[in-house]
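Structure incoming, see below.
The values are calculated or read from the model by the stated rules, or taken from the named source; none is laboratory data. Not measured: the values here are computed from a predicted model. Using ideal geometry, Cβ is built from the backbone for each residue, glycine included, and neighbour counts are taken over all protein chains shown.
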Amino acid sequence: MQNRHLELSQVGIDFPTPKGPFTALTDVNLKIKKGEFISLIGHSGCGKSTVLNIVAGLHQATNGGVILDGCEVKEPGPERAVVFQNHSLLPWLSVYKNVELAVKQTQKGKSKKDTRDWILHNLELVHMTHALDKLPSEISGGMKQRVGIARALAMEPKVLLMDEPFGALDALTRAHLQDSLMDIHAELGNTVIMITHDVDEAVLLSDRIVMMTNGPSATIGEVLEVNLPRPRDRLVLADNPEYNHYRHEVLTFLYEKQKKVEPVSNYKKTKQKNASKDSDAA
């Protein structure tokens, strides 16, 4: 892989609240090489989506910043495409028209033929050319997500940002899309940053897994390099000791090093209070 082209340096962000600033992130430092596949994982509320939004230019960091190929990221741009958990397709446009809209916004100057060829090429990458004229309401959730990925790829982004892109899908559809994503990444070599809550997904897809500490003031706790050869076959890896070692490392971080303290319910509080009174009376 080539030298790093994306760098997060001392990134921190505060959000205003009625009680004063809430520090969501602090001192997030990460250097990413071109073509790397990075997964962000951590408990809910640890700031994963906030990190992604800062890289996308949707949020401005309070401290530090993001550099992409020597330029500071200050706003959204076509070199950074986002795929959300919700496909975000325009319901009144066909599959073809949804991708065409992105191409016309970012690939100006293409002839009609070149535009059509490019749209078909990206739909072919996600195996959706058979549904060109269908509306989003006429295709499945997995198909909608494939179109969302095709639309993002059609922008020719340097960095593909994915916020739990398969989180709402059933297990079988999710597995098929993971395999498709690995094939696309192998062919295009985009840099990918993906948020996931799925440990197996993170190990299967990633070159490195970035594990976030719990918020507030969340930051990067550990970074795990996944040195499994590519292409990766999920069935072969299921019994691979190295694969299971990586799974264990992530699970250990999430469920031992980052144990969440659950709030005591009102029922438990009342019970504890009554028990205390009984003890005092005795």
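Does segment 148-164 include one or more residues that are of a type in the set (K, R), surrounded by 20 or more Cβ atoms within 10 Å (Cβ to Cβ) and in contact with a helix residue (DSSP H, G or I) (Cβ under 7 Å, 6 or more places away or on another chain)? Working first, answer last.
Within segment 148-164, the subset of a type in the set (K, R) is 151, 158.
Now drop any that are not surrounded by 20 or more Cβ atoms within 10 Å (Cβ to Cβ), which leaves 151.
Restricting the remaining residues to those that are in contact with a helix residue (DSSP H, G or I) (Cβ under 7 Å, 6 or more places away or on another chain) gives 151.
Yes.
All but one of (1) among the charged types (D, E, K, R); (2) at pLDDT below 95; (3) within 26 Å of L251 (Cβ to Cβ) hold for K31; state the number of the condition that does not hold.
Result: K31 fails condition (2) only.
Quick check on my filter: what residues within segment 81-139 are surrounded by 17 or more Cβ atoms within 10 Å (Cβ to Cβ), part of a helix (DSSP H, G or I) and not polar (S, T, N, Q)?
V95, Y96, V99, E100, A102, V103, W118, I119, L123, L125, A131, P136
Here's a follow-up. Does segment 15-29 contain at least one residue that is buried (at least 21 other Cβ atoms within 10 Å of the Cβ), among the charged types (D, E, K, R) and in contact (Cβ under 8 Å) with a residue 60 or more places away in the chain?
No.
Of all residues in segment 159-195, how many are closer than 14 Å to T50 by Cα, modelled with pLDDT under 95 and of a type in the set (V, I, T)?
So the answer is 0.
Tell me which residues, restricted to segment 209-229, are surrounded by 11 or more Cβ atoms within 10 Å (Cβ to Cβ) and more than 30 Å from T23 (Cα to Cα). Don't jump to the end; show me each part of the working.
In the first step, residues of segment 209-229 are kept if they are surrounded by 11 or more Cβ atoms within 10 Å (Cβ to Cβ); the result is 209-224, 226, 228.
Within segment 209-229, V226, L228 qualify.
Would you confirm whether or not segment 60-74 contains a residue that is of a type outside the set (G, A, S), at pLDDT 90 or above and under 18 Å from P165 (Cβ atoms)? So that I can check it myself, show each step before the final result.
If we filter segment 60-74 for residues that are of a type outside the set (G, A, S), which is where we start, we get 60, 62-63, 66-69, 71-74.
Those still in the list that are at pLDDT 90 or above too: 60, 62-63, 66-69, 71-74.
Next, only the ones that are under 18 Å from P165 (Cβ atoms) stay: none.
The answer is no; no qualifying residue exists.
Tally time: how many residues in segment 70-81 are more than 22 Å from Q105 (Cα to Cα) and in contact (Cβ under 8 Å) with a residue 12 or more places away in the chain?
The total comes to 0.
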